[in-house]
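Note sheet for the following structure.
The values are calculated or read from the model by the stated rules, or taken from the named source; none is laboratory data. Source: prediction; values computed, not measured. Note that we place each Cβ from the backbone using ideal geometry, even for glycine, and neighbour counts take in every protein chain shown.
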Amino acid sequence: MERRDRLWGAYAEVRLIGDRSAVGRFLTRVAAALPLWDVRESEDGLRIVVRAGDVKKLRRPAREAGVRVRIVGRRGGAFWISGLLRRPGIIAGVFLFFALFAVLSNLIWFVDVAGVTGEEAEAVRAAAAALGLKPGRPASHLPEPAAIERALKARLPWAAWVGVERTGVRVTITAVPHTVREKDAVPPPRHLVAGRKAVIVDYVVARGRPVVRRGEVVEPGQVLVSGLIGPPDRALAVAADGKVYGEVWYDVQVTVPRKRALFTTREPERLAVAVALGGRRLLLYGKPPASGDVLVDRRRWRLAFGPWSLPVALEIDRLRPLARETIDISEEAALRAALQAARAELYRRGRDVQEIRAETVLQRVIEDDKVYVSVHYGVVEDIARPAPIDAADGARPGGTE
């Protein structure tokens, strides 16, 4: 029997009851006149499959051979369709589902804005809503994307380009604003002065006149690069610019705990299956742990039919309950962690730190639950700060190189 015939035909599975010789005579006679399939032995007798319309033709040969015929099953799409037609509620539900799906897939569910944020994004949404492009609007009632783009461009004069793209039930509006390049602001005339006490290591002057030399000790507020260039009687005031590197000193104190928290996954992994619809989530299988920390590995599949994407997604979570453990670290590891924390604090407090020249541990205290260290650093950083020329005229100048 071909697969197509099995699917759309109507067939009956028949059990033959009688002694073996009678059943053999019956099969020999019937096989010459009717097609038979799936002839096989079972616990309750021999079974065969025939067309549903041929069952009546088996009655007379069976009586003559002394064999009883019992129908034990029905196969084929014809029986399935017949049973379905006796249940009009199912048919109505199927048609209603496809009709509802066709209606919902033709609606705009989401309007996203890309390229801009804040007030500009709200302006794009308002302009789109004024044109009818908003959630709940049938997509068939919208004009072509090119027409929407032109209308939005007319309503958004600050936008250099507007693009509209529809993917299923989602519309994405991309707006690119005009970029206005501001002219570089010219700073007023100024000196560069020392921000703190330091020993000059090096300097790079882009504009102005250096008035310090390498190895010189400078005080806070002392002029490093003068903004006055030229002869004193005809000095030209400019905005001094550059970097002056000096060796400065920091004392850093940090405290780090000797106990650390670790998370382990000792309990077996759990599964949770849920359906996400819009902003809601319906749990179908499994449940999260009642308490404690959980590591979640989520896989998400969105329901889509061809180019149409619905706001319905299937989510499968792999949940790993985490157990919190506290361990004690050794003194050496705690000291290394304290020095790392001290360096991080140094870089946070420093200004453009270029080099650490000295690192001296002044004090360290190791207790049961924490480690305290005090570290002295000598580092090279940019010490130059801008200062108005009038305010810095009274500063003590250094020598020139």
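For (1) free of Cβ contacts under 8 Å to residues at least 12 places away in the same chain; (2) of a type in the set (Ser, Thr, Tyr), each residue gets a yes or a no:
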{"position": "Ile329", "(1), (2)": "no, no"}
{"position": "Ala334", "(1), (2)": "no, no"}
{"position": "Leu339", "(1), (2)": "no, no"}
{"position": "Ala344", "(1), (2)": "yes, no"}
{"position": "Arg351", "(1), (2)": "no, no"}
{"position": "Asp369", "(1), (2)": "no, no"}
{"position": "Ser374", "(1), (2)": "no, yes"}
{"position": "Asp382", "(1), (2)": "no, no"}
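So how many residues does the range 105-119 have that are surrounded by 16 or more Cβ atoms within 10 Å (Cβ to Cβ) and modelled with pLDDT of 85 or more? Here the count works out to 4. Evaluated against (1) within 30 Å of Lys287 (Cβ to Cβ); (2) among the aliphatic types (A, V, I, L, M); (3) not assigned by TED's automatic domain parsing to the domain that holds Arg298, Ile356 falls short on exactly one condition, (1). Among the residues of the range 313-335, those identified as modelled with pLDDT of 80 or more and surrounded by fewer than 11 Cβ atoms within 10 Å (Cβ to Cβ) are Ser330, Glu332. Of the strands (runs of 3 or more DSSP E) lying entirely inside the range 312-394, those containing at least 1 residues that are more than 30 Å from Leu271 (Cα to Cα) and among the β-branched types (Val, Ile, Thr) span 353-366, 370-382. Determine whether Val273 is within 51 Å of the chain's Cα centre (by Cα), within 30 Å of Gly136 (Cα to Cα) and in a strand (DSSP E or B). Judged against the criteria, Val273 is a match.
Kindly provide the set of residues from the range 138-158 that are buried (at least 17 other Cβ atoms within 10 Å of the Cβ) and more than 19 Å from His178 (Cβ to Cβ), ordered by number. Scanning the range 138-158 gives Leu142, Ile148. Does any residue of the range 5-17 turn out to be out of contact with any Asp or Glu (no Cβ under 8 Å at 6 or more places or on another chain), surrounded by 12 or more Cβ atoms within 10 Å (Cβ to Cβ), at pLDDT below 80 and of a type in the set (Asp, Glu)? For the range 5-17, residues out of contact with any Asp or Glu (no Cβ under 8 Å at 6 or more places or on another chain), surrounded by 12 or more Cβ atoms within 10 Å (Cβ to Cβ), at pLDDT below 80 and of a type in the set (Asp, Glu): present.
Can you pull out every residue in the range 260-281 that is at pLDDT below 80 and farther than 22 Å from Pro321 by Cβ? Across the range 260-281, the qualifying residues are Leu277, Gly278, Gly279, Arg280. Screening the range 345-377 for residues that are under 22 Å from Ile329 (Cβ atoms) and of a type in the set (S, T, N, Q) and picking the one that is surrounded by the fewest Cβ atoms within 10 Å (Cβ to Cβ) gives Gln363.
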